[in-house]
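Here the structure comes first, spelled out in structure tokens, and everything after it is commentary.
Nothing in this text is a laboratory measurement; each read-out follows from the coordinates by a stated rule. Bear in mind the structure is a predicted one, so any value in this text is a computation, not a measurement. Cβ: placed from backbone, ideal geometry, glycine included. Neighbour counts: every protein chain shown.
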Amino acid sequence: MLKKILSVFIFLILSSSIAVANGEHPKTLKQETDSKAFKILKEKSIDAKTGMPKTLDPHLFKGKARQAYQIAKEIPEVLAQIPCFCDCDVFGHENLLDCFIDQHGAG
């Protein structure tokens, strides 16, 4: 339990650092700007074992983004319970886990 709480705090710190360092995230991918496209992406990424969307592979990223995606991969059930505060709900995101289904979590 303590490990999960510590992981969440580390994740939040990393996410905040990425957001501050990069400013507003680029809106180049269709699934990031179109809520219908994101909903389709989310439905296609559901893991049959957990019933939760799969995150992108952390090895697609470098540095802090890789660390953030690795944590998201390890604790998706925790992130699914945390609201996201970067106004990505307009893109169809319902919680913090949704930011890691696509490249949105990388900044």
Residue by residue, what Karplus-based ³J(HN,Hα) values in Hz, rounded to whole numbers, does the stretch 38-55 have, using 6.51, -1.76 and 1.60 with θ = phi - 60° and x for Gly and Pro? 5, 4, 5, 4, 5, 5, 6, 9, 5, 7, 4, 6, 9, x, 10, x, 7, 7
Explain nothing, just compute: Karplus ³J(HN,Hα) = 6.51 cos²θ - 1.76 cosθ + 1.60, θ = phi - 60°, for every residue of the stretch 71-83 in order, whole Hz, x for Gly and Pro. 5, 4, 5, 7, 10, x, 5, 6, 5, 5, 9, 9, x
Measure off 7 Å from each Cα along the Cα-to-Cβ vector at S45 and Q81, then give the distance between these two points in nanometres to one decimal. 2.1 nm
Kindly state, to the nearest 0.05, the FRET efficiency for S35 paired with E74, given R0 = 41 Å and r defined as their beta-carbon distance. 0.90
Amide H proximity to I46 below 5 Å, modelled H, separation 5+ or other chain, gives K54
